[in-house]
Amino acid sequence: MLSLKISLIALASLVFSCSNPTEPTKKTAYLFTYFTGNAEGEEAVRYGISRDGYNFYALNNDKPIISTESISETGGVRDPHILRGTKDSNFYMVLTDLKTDNGWSNTGIILAKSADLISWNTTVIDIAKTFPEFSDITRAWAPQTIYDEATGKYMVYFSMLQPGSYDKIYYAYINRDFTALEEAPKQLFYSPDEKSCIDGDIISKEGKFYLFYKTEGTATKGIRVAVSDSLTSGYEPIEGYVDQTDRAVEGSSVFKIIDSDTYILLYDMYIDGKYQFAESTDLLNFKALGADKISMNFHPRHGTIIPITEEESARLLKEFPSKELPLILGAQAEAVRKQNIVVDPAKKTVYLPIRVDKNLQKLDAQLIAFPGVKIQEAGIQDFLNGAKPYTVILPDGEKITYAVEAAIAKNPALDGFYADPEIIYSNTDNKFYLYPTSDGFDGWSGTYFKTFSSKDLIHWQDEGTILDLKKDVSWADRNAWAPCIAEKEIDGKLKYFYYFSAAQKIGVAVADSPAGPFEDKGTALLSEKPSAIKRGGGQIIDPDVFTDPASGKSYFYWGNGYLGAAELNEDMLSLKEETITDLTPDETYREGTEVFYRNGVYYFLWSEDDTRSPNYRVRYATAKSPLGPLFIPESNMVIQRDDKNQIYGTGHNSIINVPGTDDWYIVYHRFTRPRGLEMGSPAGFHREVAIDKITFAEDGSINEVIPTIEGINPVTIVD
């Protein structure tokens, strides 16, 4: 199960009072009906619940909410579809009657009706036995229901397979008692390529009906959509697929976010054992939501989601309680850094990271309650001297106390997802500039770079996009990674040379200002590994530039799996080929070189391990010249994970010295906190930039840095 320590950005957009919602008919939460797999006991209906439609928690400890044996003839039920009554107050659920231990053939579907989501009246409809024209079917899968306004009846639709044919989607109307089909199913839709189509899901929008379905029997199978002006005929497939993955998918379903124009398409990535959510406003063009947006503490298969009221949430929570639910989900206050809230349901604690300059003594956190529960305390509290108690009231009247702590958190240094930070002090305007990778894109697929400025390393101003591969670079349009920058006087004027990775090549762009605009050179600085680098493998990424204060010469470093180095020509746009050398320090070297100079010593820092690993960390070596050779201290760790504070993946850094002082700071990225570790490999592209102080022993060796949440104090530049 996933950790329940959460950071919920989406919750901040809720427009109702999350502490104590009161409107009895207003939808304030979401119910997810699902099953969990093919093994014994997994083909059964389960419930999950969510406040925001993105982060779900299992009810009933992820156990079935109704006995499968009591509703099924086969001993298994799958694909639960739930619908709220349109002209009545009932709920309707339909299911596939199938236990896969007996094979994948079946002939039955289940109709279920409930007034309260707890007690269900059910009927099994054996299609083969009930309708002679379908006596030879070998499967009846994934039924769903929709209310037909034209007929005033509920319609069920599902796929069926007959010998010598392929799966097609059929429909029939259900009787008033929701216990039988009024007539034999009629064909609703078949795939134009005469291949199987299954798992239909219909949603209406602005007078049109959108039928989502899965194609089978083709190399490019996935989720498609067909559109019609009529519920029961005329569906025309739209070209292309709407699922946002190249992995195997099935069981799509669409629901609408409360008080929003946003629709969520969810589908079962059944081989990968996970779900993907994608969002759209037109039901045709979808964008996948990343691991930072979606969480579940269970592993669902083919299910559906509907909005529910607060009263319904309370009823479900009372009937189907679960252990260690996060009864406080987060906070809506503007002062709270919502990405980094930590809720620990086991310890009954909440940590609220507060923005710089906010008043802890007069903080109204605007806490968000779990669906169906109430928070007794509200309004302004004094958090300056420690945690405050908040009382959560469960539907059965039980009261549970949470300790809520609020503290100023200067790490991460930037809001949002950024990585591979480079930092300089600009003599043009006497500010610090931070140049990160724009992160949060699946597979490191970002295509633009931004910069941020500060006078004190605490308050950062977003200066906007300074280089967009799609618009500004002709030789690459993907994988905008790991930039670095040099300020250099050329012909009596300060110039800024911005080196960046793109499509596993390295380019350079030039500007007169540290905030741009930057103009790309027009060709890559490095597109192939030089012959002087003998090591095999690795990518041409992660540039670093260093100007030697002793000589005024500038040097260039790069590599992944190897450390390439060379002197730059005076134009800063090309390398002195004869100086190219391999400086790879040892087997711990992975990437992310950073070079700086202090008290006659050249320091070489690099990242060890993989950026997706919680053990991603920084080591160092020293040298007497910018091109080595390198001396590796016996103890050379610079910064690494801190499990106590849930800080992981601390790597790919830069170093900055405050002018006129011997104060030094390390700027690095880490997994997003606190959800990074539970994300798995997506944590490697959901990273945050942090800043901590770095110090040196008397002999010049680097003291290991302990990463912090608190961050640093503001710095002052002495003129």
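The values are calculated or read from the model by the stated rules, or taken from the named source; none is laboratory data. Since the model is a prediction, treat every value here as computed from it, not as a measurement. All Cβ positions, glycine included, derive from the backbone under ideal geometry; neighbour counts span all protein chains shown. Accessible surface areas use protein heavy atoms only, side chains included; no ligands, DNA or RNA. Shrake-Rupley method; radii C 1.70, N 1.55, O 1.52, S 1.80 Å.
Values for this structure:
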read-out	value
Alpha carbon centroid spacing (whole Å) that separates the stretch 231-247 from the stretch 439-461	36
C-alpha center-to-center spacing [the stretch 642-678, the stretch 318-345] in angstrom	26
Burial ranking of peptide ranges 479-488, 596-605 (average Cβ count within 10 Å, highest at the top)	479-488, 596-605
Shape metrics for the stretch 430-511, restricted to C-alpha atoms - Rg then Dmax, Å	13.4, 43
Among 498-509, 144-155, the order from most to least packed when residues are scored by Cβ within 10 Å on average	498-509, 144-155
Among 546, 300, 602 - extreme Cα towards positive end, dipole of the chain, charges at beta-carbon	300
The stretch 439-481 - Kirkwood radius from inverse mean 1/r over Cα pairs (Å)	11.6
Full-stretch length increase - residue 681, residue 131 - with 0.36 nm per residue and alpha-carbon distance subtracted	193.0 nm
Coarse-grained scattering of the chain at q = 0.05, 0.10, 0.11, 0.12 Å⁻¹, given as base-10 log I(q)/I(0) from a Debye sum over alpha-carbon atoms	-0.31, -1.00, -1.11, -1.22
Gyration tensor over alpha-carbon atoms, the stretch 205-318, equivalent ellipsoid semi-axes in Å	24, 20, 13
Cubic angstrom per residue, convex hull over Cα atoms of the stretch 502-549	118
Taking all pairs of distinct alpha-carbon atoms in the stretch 355-407, Kirkwood radius in angstrom	12.0
Nearby lysines by direct alpha-carbon distance to residue 534 (threshold 25 angstrom, same-chain neighbours under 8 apart not counted)	505, 576, 624
Column: log10 I(q)/I(0), Debye, Cα scatterers of the stretch 321-378, q = 0.14, 0.24, 0.28 Å⁻¹	-0.40, -1.03, -1.26
Amide H contacts of residue 407 (H built 1.01 Å from N, under 5 Å, at least 5 apart or other chain)	352, 354
Acute angle (nearest 10 degrees) that the helix 310-319 long axis makes with the longest principal axis of the chain, alpha-carbon atoms	80
Amide hydrogen neighbours beyond the local backbone of residue 639, cut-off 5 Å, H modeled	618, 705
Rg(Cα)/(2.2 N^0.38 Å) for the stretch 96-201, N = residue count	1.07
Cβ-based charge dipole, the stretch 63-171, positive-most Cα from 132, 80, 96	80
Directionally averaged shadow of the stretch 264-325, computed from the convex hull of its alpha-carbon atoms, nm²	5.8
Per-selection Rg to Rh, the stretch 445-569 - Cα, Kirkwood hydrodynamic radius	0.97
Debye equation applied to the C-alpha atoms of the stretch 512-575, log10 I(q)/I(0) at 0.14, 0.22 Å⁻¹	-0.49, -1.05
Sorted largest first, extent of the stretch 166-259 alpha carbons per principal axis (Å)	42, 40, 23
For the stretch 54-144, alpha-carbon Rg relative to the globular expectation (2.2 N^0.38 Å, N residues)	1.17
Accessible area of the chain belonging to carbon and sulfur atoms, whole % at 1.4 Å probe	45
Helix-only mean residue ellipticity at 222 nm for the chain, each DSSP H run of n ≥ 4 adding -39500 (n - 2.57), per residue, nearest 500	-500 deg cm²/dmol
Descending Cα extents along the principal axes, the stretch 558-693, whole Å	47, 34, 33
Reciprocal mean inverse distance between Cα atoms of the stretch 375-459 - Kirkwood radius, Å	17.0
Shape category assigned to the stretch 525-609 from the gyration tensor of Cα positions, a/c cut at 1.5	oblate
Relative packing of peptides 184-192, 251-259, 531-539 - highest average C-beta neighbours within 10 Å first	251-259, 184-192, 531-539
Positive-end residue of 325, 363, 378, charge dipole of the stretch 321-386 with Cβ unit charges	325
HN-Hα J in Hz across the stretch 55-69 - Karplus 6.51, -1.76, 1.60, θ = phi - 60°, x for Gly and Pro	10, 10, 10, 6, 8, 6, 6, 6, 9, x, 9, 8, 5, 4, 4
Under 5 Å, built H, 5+ apart or other chain: amide partners of residue 631	622, 623
